[in-house]
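Here's the structure, in structure tokens; my notes come after.
The values are calculated or read from the model by the stated rules, or taken from the named source; none is laboratory data. These numbers were taken from a predicted model, which means no experiment stands behind them. Methodologically, a virtual Cβ is constructed for each residue, glycine included, from the backbone with ideal geometry; neighbour enumeration extends over all protein chains shown. Note: areas computed on protein heavy atoms with side chains; ligands, DNA, RNA excluded. Shrake-Rupley method; radii C 1.70, N 1.55, O 1.52, S 1.80 Å.
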Amino acid sequence: MSEDIKNFLYLNRRAPYGTIYAWESLEVVLIGAAFDQKVSLAFVDDGVFQIVKGQDTSDLDMKNFSPTYSALGDYDVNQLYVEQESLDERGLTIDDLMHLTWEDEDEDWAEKDSIRVVSRAELAKIIEGQDVVFSF
Amino acid sequence: MKFAIQINEGPYQHQASDSAYMFTKNALEKGHEIFRVFFYHDGVGNSTRLTSPPQDDRHVVNRWAELAEKHDLDMVVCVAAAQRRGVVDDGEAERNGKDATNIHPRFRISGLGQLVEAAIQSERLVVFGD
């Protein structure tokens, strides 16, 4: 395998259960974590619903995969961008989202927030700085 | 330039596979390299040899297979997505106790690591889908 390290962004644009894109995106993230790239995730449009807390799919006959997002920190996936405008347009705030954290090995395993709310303009710059954008 | 291609939608329902085919074919004809074509989500449906479109329509699966034959293309179908959607090769049929296979022999079933590797090894990853 090449030793190049690239900036990978997974762009999550869709609500979690209406289509399979969100879940199959997460499967790529988990597999991709083994490749030691610089990984971040972005949640935009209805994609912000993927990380809303208190998800309950018991009436849908579908697996609730939202706990998987809490495990991302253990895979060294700890840069999660959420677009402010997408939250605003849906009447959501950061308090409606799961509290996703990671432990910083370099600071005595201090617990840090994985989610960063950014503006649409900031996110555009973040996307521009990527080598690879997986769009789901 | 070296490209990786990802196709996220099935044949006929959606233009993604057609657009990806046109892009891949033209890129190859202009001398570019296609490191791999990766079929994900419903895109795995582009690989079944049992597809039988009307005679006056394009044959999406055979068209990919012919392009792959001509240019020695590596066309990979995601195993997890394929298992969910009933796309089966000999190995998967044996592993999962199925009585048939349906994959076209020009395609191969493998893991998501093949997609990540393709993105690392290529200069551009081009994703086709909504």
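Across all directions, the average flat footprint of the convex hull enclosing the Cα atoms of segment B:37-130 is 7.1 nm².
Note on B:ARG84/A:ASN7: beta-carbon distance plugged into 1/(1 + (r/R0)^6) with R0 of 41 Å gives a FRET efficiency of 0.85. By the rule of a C-alpha distance below 17 Å, with chain neighbours fewer than 8 residues away ignored, the lysines paired with B:LYS30 are B:LYS2, B:LYS70. Indicate the gyration tensor shape class of segment B:1-90 (rounded, prolate or oblate), computed on the Cα atoms with a ≥ b ≥ c the square roots of the eigenvalues: a/c under 1.5 is rounded; otherwise a/b larger than b/c is prolate and the rest oblate. Judged from the Cα gyration tensor, segment B:1-90 comes out oblate (a/c at least 1.5, b/c at or above a/b). Normalising the average separation of contacting C-alpha pairs (under 8 angstrom, six or more residues apart) by the number of residues puts the relative contact order of segment B:26-114 at 34 percent. Of the accessible area of segment A:61-119, computed with a 1.4 Å probe over protein heavy atoms only, carbon and sulfur atoms account for 41 percent. For chain B, give the percent of accessible area contributed by carbon and sulfur heavy atoms, probe 1.4 Å, rounded to a whole number. Carbon plus sulfur share of accessible area: 44 percent. A DSSP coil position with no more than 10 other Cβ atoms inside 10 Å describes the following trypsin sites (Lys or Arg not before Pro) in segment B:7-43: B:LYS30. Rg to Rh ratio, chain A, alpha-carbon atoms and Kirkwood radius? Taking Rh as the inverse mean 1/r over Cα pairs, Rg/Rh reads 0.95. Among beta bridges identified by DSSP and lying wholly in segment B:8-121, the antiparallel ones come to about 10 percent.
With Cα atoms as the point set, the radius of gyration and Dmax of the protein assembly as shown evaluate to 19.5, 67 Å. Heavy atoms of the protein chains alone define the surface here; on that basis the protein assembly as shown has 50 Å² accessible area per residue at 1.4 Å probe size. Can you work out the PRE-style zone for B:LYS2? Point 7 Å along Cα to Cβ, and I want the residues of segment A:1-42 with backbone N under 18 Å. Answer for this model: A:1-8, A:35-38.
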